[in-house]
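First up is the structure itself, then whatever we jot down about it.
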Amino acid sequence: MSRFRYSAPITVRFRDCDPMGHVNNAVYLTYLEVARFAYWNDVAGGRWFGDVGFIVARAEIDYKASAVTGDTIQVHLGITSFGRTSFVFEYELLDQNGRTLATAKTVQVMYDYWLNKAVAMLDDFKRESSEYEGLT
């Protein structure tokens, strides 16, 4: 059981695995990205695409157990805090038996690609995400 409301399923593909037969550590960053994109579409309705961009400024992963080809991973995630220009996602990656494979955290910075600089958090995004996450 996860503390997060949202989760995205990912099936481990053969290409995700290294010669030792388990998911390569770098592939977990892709799993986090897939889950963030699903969250953005499902929770935020994808509405802010084009209005706002964000970049991943920091990523931390703690590996707990191995996953192999064919496993189904549930990536549980949620926004846990907001800054002036940033927000934090935390993640729990569980296998089909509920075993924790990894925990992670990413810091996203709101970013204007035309101006090439960080920008203030969108009030609507912060309000709606906070309500969904129960942060209000």
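The values are calculated or read from the model by the stated rules, or taken from the named source; none is laboratory data. Just so it is clear, the model here is predicted, and its values are computed rather than measured. Backbone-built Cβ (ideal geometry, glycine too); neighbour counts: all protein chains shown. Accessible surface is based on the protein model in full, side chains and every heavy atom, while ligands, DNA and RNA are left aside. Shrake-Rupley method; radii C 1.70, N 1.55, O 1.52, S 1.80 Å.
Magnitude of the Cβ-charge dipole of the chain, K/R +1 and D/E -1, about the Cα centre, nearest 20 debye? Write down the numbers at each step before the final one.
On the way: 14 positive and 17 negative charges, 28 e Å.
So the dipole magnitude of the chain works out to roughly 140 debye.
In degrees between 0 and 90, to the nearest 10, how far off the longest principal axis of the chain does helix 123-133 point, with axes built from Cα atoms?
Computed tilt is about 40 degrees.
Can you give the FRET efficiency for R58 and R99, using 1/(1 + (r/R0)^6), R0 = 30 Å, r = Cβ-Cβ distance, to the nearest 0.05?
Details: r = 26 Å, r/R0 = 0.87.
My answer for the efficiency is 0.70.
Note down the nm distance, to one decimal, between modelled labels 7 Å out along Cα→Cβ at E131 and at R15.
That separation, rounded to one decimal, is 4.0 nm.
What is the extension gain from N25 to W114, computed as 0.36 nm multiplied by their sequence separation minus the C-alpha to C-alpha distance, in nm to one decimal?
Working: separation 89, 0.36 × 89 = 32.04 nm, distance 3.30 nm.
Gain on stretching N25 to W114: 28.7 nm.
For P(r) over Cα pairs in 10 Å bins from 0, in percent, one of [x] 12, 42, 30, 15, 2; [y] 11, 38, 33, 13, 4, 1, 0; [z] 11, 39, 36, 13, 1, 0 was computed from the structure I shared and the rest are decoys. Which label?
So the calculated entry is the one marked [x].
With the other protein chains left in place, how much accessible area per residue, in square angstrom, belongs to the chain at a 1.4 angstrom probe? Each step should come with its number before you reach the end.
Numbers: 7670 Å² over 136 residues.
Per-residue value: 56 Å².
For segment 53-116, what log10 I(q)/I(0) values come out of the Debye formula at q = 0.17, 0.24, 0.28 1/Å, with one point per alpha carbon and no solvent?
Relative scattering, expressed as log10 I(q)/I(0), comes to -0.65, -0.95, -1.12.
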